[in-house]
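K.L.:
So that we are looking at the same thing, I have put the structure below in structure tokens.
The values are calculated or read from the model by the stated rules, or taken from the named source; none is laboratory data. What you see is a predicted model; the values in this text were computed from it and never measured. All Cβ positions, even for glycine, are placed from backbone atoms using ideal geometry, and neighbour counts span all protein chains on display. Ligands, DNA and RNA are stripped out before the accessible areas are found, and what is left, the full protein with its side chains, is counted by its heavy atoms. Shrake-Rupley method; radii C 1.70, N 1.55, O 1.52, S 1.80 Å.
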Amino acid sequence: MTTTQSTEVPTQAAIPPATSTAVRVQNAVIKYGFIFVTVALFLYFALSEGSFRESATLLDTLRYVSVAAILGLGVTLTMAVGGMDMSVGAVAGLGVSVAAQTMVVHNQIGAVAIVAVLAAGALAGLLNALLIVVLKIPDMLATLGTMFVIQGSKLILVDGQSITPGMTLDDGTTAPGKFTDGFLRIDRGTILGVPISVLIFGALTIGAWVFLARTRWGRVLYAIGANPEASRLAGIRVGAYRALAYVLSGVLASIGGLILASRIGQGDVSAGTSQLLEAVAVALVGTSVLGRGRPNVWGTALGAVLIGIITTGLTIKGLPYYTQDVVEGAVLILALVFSFTLSKRRST
């Protein structure tokens with residue numbers, strides 16, 4: 001006696017339409033929610049405040065956020081390898097002091113100051129790399145230590161005083177130099193009406209994106225951040241690439257310091273102090289863009305633009321400065337919800 005088996009293949013239970021729609025909405029919120037928030041805030045301020053729509057205001061907004069954005073790009077590189085550079089603000093402040101010391105005290109030209117600042121940034125990055133890669137100190141703790149060392153050292157070197165043209169030096173003489181006109185153009189000059197600092201921000205953003213997304217080195221950095229042990233077993237020199245990320249972060253922070261020095265026009269000892277939180281914020285906010293859930297260059301740039309929109313818009317509306325911190329913090333929390341809470345629910 002023979003029996004025949006049914007050839008029908010069991011079909012999966014159909015997903016209820018309501019549930020399917022809810023999933024699609026959630027995915028759309030995760031992927032485009034942050035962009036929607038940015039566009040909505042821009043339209044709100046543009047429609048409610050006429051001065052916000054002026055091209056000069058928009059360019060000033062980009063100019064204002066250029067330093068935090070460039071520092072945020074450095075933080076993004078270190079986040080790509082699973083770390084976090086907490087010294088970027090101090091390195092930017094060090095750049096301001098080095099530029100002032102070079103031009104005002106030692107009476108050198110702007111080009112020499114630029115080289116000195118970039119070298120100082122690279123050395124700071126190498127110090128971080130030494131502590132993290134060689135001495136095996138956790139990234140955040142190592143860079144926090146570097147931050148305090150740099151902040152204290154630059155105060156000791158100048159006896160806690162800002163460096164200004166015409167100041168009296170320790171030997172009783174007057175500082176012979178000043179910030180050169182060419183150096184001051186880094187932030188105060190324009191090309192075809194666009195501030196040079198904004199052009200630097202744009203060029204570095206494109207360069208960082210090409211490096212991370214279109215080169216082998218960038219892909220290796222992401223691989224190390226995802227699984228350093230697997231990367232090591234695959235033959236990747238994990239320590240060398242992590243060191244590279246921190247050196248590049250130090251150089252980017254020093255470029256931010258050059259813009260700050262040009263903006264301030266003196267060696268302000270407090271320069272860069274407030275830049276750390278904004279740089280970390282824009283890098284973290286950037287992880288939520290397009291639902292990627294990982295550090296990315298365009299997300300960091302958009303995060304900086306959003307911070308600028310909020311700050312400029314609230315300033316034009318006359319709100320006190322302390323309310324801006326509250327709003328910026330709320331936006332950061334919202335971005336983290338997009339990146340972690342909602343994205344985890346999507347994956348489960």
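K.L.:
Starting from the 7 Å offset along Cα-to-Cβ, what nm value, one decimal, do you get for the label separation of PHE36 and ALA330?
P.N.:
1.8
K.L.:
So if R0 is 41 Å, what FRET efficiency would ILE236 and ALA22 give, r being the distance between their Cβ atoms, rounded to the nearest 0.05?
P.N.:
0.50
K.L.:
With every protein chain left in place, what is the accessible area per residue of segment 44-347 in square angstrom, probe 1.4 Å? Working shown, then result.
P.N.:
On the way: 13380 Å² over 304 residues.
Result: 44 Å² per residue.
K.L.:
Percent of accessible area on segment 185-277 owned by carbon and sulfur, 1.4 Å probe?
P.N.:
Values: 2770 of 4270 Å².
Looking at segment 185-277 in its full context, I get 65 percent from C and S.
K.L.:
Hey, what angle do you get for helix 55-80 against the long axis of the chain, alpha-carbon based, 0 to 90 degrees rounded to 10?
P.N.:
Roughly 70 degrees, rounded to the nearest 10.
K.L.:
Here's something else I'd like to know. Working from Cα positions, state the angle (0 to 90°, nearest 10) between the long axis of helix 238-264 and the longest principal axis of the chain.
P.N.:
Taking Cα atoms only, the helix is inclined about 50 degrees.
K.L.:
Which of rounded, prolate, oblate describes segment 44-347, given a ≥ b ≥ c as roots of the alpha-carbon gyration tensor eigenvalues and a/c under 1.5 marking rounded, otherwise prolate only if a/b is larger than b/c?
P.N.:
Details: a/c = 1.88, a/b = 1.17, b/c = 1.61.
Because a/c hits 1.5 or more and a/b fails to exceed b/c, segment 44-347 counts as oblate.
K.L.:
With a point put 7 Å past each Cα toward its Cβ, work out how far ARG53 is from ASN107 in nm, to one decimal.
P.N.:
Between ARG53 and ASN107, the simple spin-label model gives 5.4 nm.
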